[in-house]
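To start, the structure itself, in structure tokens.
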Amino acid sequence: MPQDAFTIKYLTAELKNLLVGGKISKITQPEKELLIFIIYTRSGSVKLEVCLSARGCRINIAENEKAAPQVAPGFCMLLRKHLQNAEICDIFQVDGERIVCLDFYCTSEFENVNMRLYIELMGKYSNAVLTSGGIILGALKSTAIGENTKRVLFSGAKYSLPEPQDKCDAENLNGLCEVFKRISGDSAKFISENVKGVSYATALDIVETFGENPTAFDVNRYICGGQCRPCVTYLNGEPNDFKVRSADKTKKNYESLLKAQTAYYGYICSKQNFNDKKRKLQGALLSSVKKLEKRLATINQKLLDCRDMESVKLKGELITANIYAVERGMDSFEAVNYYDENCAKIKIALDKTLSPADNAQKYYKRYAKLKRTLISVTEQKRETEDKLEYLNSINSHICAAEHLLDLEETEEELKSLGLIKDTQSGKKKTVKTSPFREFVFGGFKILAGRNNLQNDRLLKSVSQGDLWLHTQGYHSSHVVILCDGKEVPDGVLKAAAEICAYYSDGRSGNKIPVDYTRRKFVKKPPKTNAGFVIYSEFKTILVTPDGHAELSAE
């Protein structure tokens, strides 16, 4: 992501043309290092996004507005206090640095004043600082008075720019020529380390444009004299970067750099949100699965303890049958096991402090306890295994998810199970229902559930004569072919089965068995987990998993 001074120069020019004269309507801070400004301009409402995180610092136009927290952070409140309804007078870049300044004309009942917001896009040192007359009113990341830092960033202090880098300005051709006398090794690395305002990504493009050994004249011409041809470059079919211009062949051109940047970060943010949510759901699920597995191990140990239950009962009976031969004070005795066809002798341990009758009762009581334990833990084992199976089915759907939409109802499912804290508890909830995966092939519509809740909803929404599919022995999405009274061709059935196998635990294998039957033979028992069904009158087809993206109607 070339958020270098070279790229920021073009972005700033476009932002100035778009936003100057606009008024601040709303300011939010959805995340710790993310500011959103809603600005009314001549061309309508614009969402200006300022991200100051180390991972993706940027200033760009956003398409979607993120939900604001109920309580605004302190810096957001400060911006609202001073910049609400303020007019943007100017936007400019500071001396070829990665700093963008927004000048505001602020009006209130008591005074009219000019303010400046410095947006410092410098990786992990990124910051936003609001000033008036050169004095800091507040900063997103402030420093303490006692901190030993080169720059002072707290309210009331005088704002000072970061120290300039010891690099040559690309516009200084004579200086560049001197610098390039010592060029060696990786040309792109040399350029990014010695030329001001040029990132490694931009330097790579300079090398791609002019060859392995670009000259000082080439760098000067690229930075100062080239045209802006905004584009998003691609790698392995996915957006890889956005650039002012690029020599890459796999790219998509845009009419402005802001639009290229918006498209690129729209993809990046969507992918990041998807990965974050997937990681969150899997983390919550894994924690619960580990607890259940630990509980199951404890239950299995108790069942092992119960396997000698009949032997305990036998010892009590043998003591009773031979009570005439047992005396108080004995620590053991041998008795003939009359249940054994060979009448083998068995040694029975005794408690010397107890009478023969009490020793027999001790064994009977232990037997009764083991019997109760066996009944109890057998039921507990069944319940635990059912719950573990259910959680594994949820995990299967999370692993098969490809879009954020696939995870929305799964998150609600985990909230209903108490595995994720519901931050909206006590509020009136609006239930999110996302559409089924939809495919069209051979004139037939094929629907697939994204999660267990959707699987249940899909089952209720289709006709009794429609064809229902599910993998055999694997967790999978429920898939339905809408028949409309027509006979389903083999090709359509095969495609639907391949889709079913693809959205299952067996997607990495081949020859996956998929059962299919009419919807009327599929039943959901009452009070069972979401997605659980029983079915009959089915046939099985073996297929290789295939997502059939070319058939998707989404």
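Select from the stretch 521-554 the residues that are open to solvent by 70 Å² or more (accessible area, probe 1.4 Å), part of a strand (DSSP E or B) and within 26 Å of residue 409 (Cβ to Cβ) and list them in ascending order. Passing the criteria: 523, 534. Out of the residues in the stretch 246-269 that are among the aromatic types (Phe, Trp, Tyr) and open to solvent by 20 Å² or more (accessible area, probe 1.4 Å), which is nearest to the chain's Cα centre (by Cα)? Filtering the stretch 246-269 for residues that are among the aromatic types (Phe, Trp, Tyr) and open to solvent by 20 Å² or more (accessible area, probe 1.4 Å), the one nearest to the chain's Cα centre (by Cα) comes out as 267. Being within 28 Å of residue 470 (Cβ to Cβ), part of a helix (DSSP H, G or I) and either β-branched (Val, Ile, Thr) or modelled with pLDDT of 90 or more (or both) is the requirement here; does residue 376 meet it? Taking the combined requirement at face value, the residue does not satisfy it.
Meeting the requirement of 3 or more residues that are at pLDDT below 90, the strands (runs of 3 or more DSSP E) wholly within the stretch 210-320 are 238-243. All conditions but one from (1) touching a Ser or Thr at 6+ places or on another chain (Cβ under 6 Å); (2) surrounded by fewer than 11 Cβ atoms within 10 Å (Cβ to Cβ) apply to residue 332; the one that does not is (1). Kindly indicate whether residue 349 is open to solvent by less than 50 Å² (accessible area, probe 1.4 Å), closer than 20 Å to residue 308 by Cα and of a type in the set (Gly, Ala, Ser). Judged against the criteria, residue 349 is not a match.
A quick yes/no check of all residues on (1) at pLDDT below 90; (2) among the charged types (D, E, K, R); (3) within 20 Å of the chain's Cα centre (by Cα):
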position: 27; (1), (2), (3): no, no, no
position: 32; (1), (2), (3): no, yes, yes
position: 45; (1), (2), (3): no, no, no
position: 51; (1), (2), (3): no, no, yes
position: 55; (1), (2), (3): yes, yes, yes
position: 64; (1), (2), (3): yes, no, yes
position: 69; (1), (2), (3): yes, no, yes
position: 82; (1), (2), (3): no, no, no
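Of the residues 498, 537, the single one that is among the charged types (D, E, K, R), in contact with a strand residue (DSSP E or B) (Cβ under 6 Å, 6 or more places away or on another chain) and under 19 Å from residue 441 (Cβ atoms) is 498. Here residue 518 fulfils each of the conditions (1) open to solvent by 10 Å² or more (accessible area, probe 1.4 Å); (2) closer than 24 Å to residue 405 by Cβ apart from (2). Restricting the first member to the stretch 501-512 and to residues that are over 7 Å from residue 471 (Cβ atoms), and the second to residues that are part of a loop (DSSP other than H, G, I, E, B), the beta-carbon pairs closer than 6 Å and six or more apart or on different chains are 502/545; 502/546; 502/547; 503/477; 505/474; 505/475; 507/545; 510/544.
The values are calculated or read from the model by the stated rules, or taken from the named source; none is laboratory data. Please read these numbers as outputs of a predicted model, since none were measured by experiment. All Cβ positions, even for glycine, are placed from backbone atoms using ideal geometry, and neighbour counts span all protein chains on display. With ligands, DNA and RNA removed, areas are computed over all heavy atoms of the protein, side chains included. Shrake-Rupley method; radii C 1.70, N 1.55, O 1.52, S 1.80 Å.
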